[in-house]
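Notes follow once the structure below has been shown.
The values are calculated or read from the model by the stated rules, or taken from the named source; none is laboratory data. Values in this document were obtained by computation on a predicted structure and should not be read as measured data. Virtual Cβ from ideal backbone geometry, glycine too; neighbours counted across all protein chains shown. Quick note on the areas: whole protein, heavy atoms, side chains included, nothing else; ligands and nucleic acids left out. Shrake-Rupley method; radii C 1.70, N 1.55, O 1.52, S 1.80 Å.
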Amino acid sequence: MENIRDMLLLLVGSSLVSNVVLSQFLGLCPFLGVSKKIKTASGMGAAVIFVITLASGVAGLIYKFILQPLNIEYLQTIVFILVIAALVQFVEMFLRKAMPSLYEALGVYLPLITTNCAVLGVAITNVQKEYGILTGIVNGFATALGFMIAIVILAGIREKTAYNDVPESFKGMPIVLLTAGLMAIAFCGFSGLL
């Protein structure tokens, strides 16, 4: 029973308290670039959930059963990047066939998931904190869920501010950065949960 409690704490902690975008500032490129519309943001969030969750599991397996036994842990970054790149290619091929409109809407940001530091950061964090395979997958899923929550909220706010009278000097990216900063402050309130 304590194991389930620990997993729930990790789920809440990684998604809300230590939000990858708003408290660790990882993955800002797609966060700011794809958050113009809720539909596109939720599509990017779903793709990131898929990639980070699978990358966490595969990277954990490779680290535990290949890199550690061969004493080549120093290759973890290169191996993790290759795993992430392969998963992103899979997602890209799937979206191109199954959801061409979402594929077009995500544009250049979809292949950029490969270099998204949040994806690599989760895989390395799982190794550094010595998480087991299941715990690493839960951490990866929770982190990606936190990314999706943040990007969808920002997209919703950006859709609303498009119809507001914003001062000329704040139009465009300045109001987006201000909004993201206010969201980061608001997410600090979740730190009292744990």
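Quick look at the numbers
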read-out	value
Under the span-like rule (Cα at least 27 Å along the axis, Kyte-Doolittle mean at least 0.0), DSSP H helices of the chain	38-62, 76-98, 133-161
Restraint check, K36/K97; K37/K171; K39/K171; K36/K129; K97/K160, Cα-Cα greater than 27 Å	K36/K129; K97/K160
Debye, to nearest 20: dipole size of the range 96-187, +1 on Lys, Arg Cβ, -1 on Asp, Glu Cβ	180
D (Stokes-Einstein, µm²/s), Kirkwood Cα radius, the range 105-149, 1.002 mPa s at 20 °C	189
Area projected by the alpha carbon convex hull of the range 1-93, averaged over all directions, nm²	8.0
Longest site-free stretch - the chain; sites: trypsin sites (Lys or Arg not before Pro), DSSP loop, at most 13 other Cβ within 10 Å	1-128
Stokes-Einstein translational diffusion, the range 39-194 - Kirkwood Rh over all Cα pairs, 1.567 mPa s, 4 °C, in µm²/s	76
Carbon/sulfur fraction of accessible area - the chain, other protein chains in place, 1.4 Å, %	69
Sorted peptide list for 49-55, 89-95, criterion being average Cβ within 10 angstrom, highest first	49-55, 89-95
Contour excess over end-to-end distance, with Cα ends at K39 and T77 and 0.36 nm allotted per residue	10.4 nm
Spatial separation of Cα centroids for the range 46-99 and the range 113-131, in angstrom	10
The range 1-124 - charge dipole about Cα centre, Lys and Arg +1 at Cβ, Asp and Glu -1, debye rounded to 20	380
For the range 119-194, radius of gyration divided by Kirkwood radius, i.e. Rg to Rh on alpha-carbons	1.12
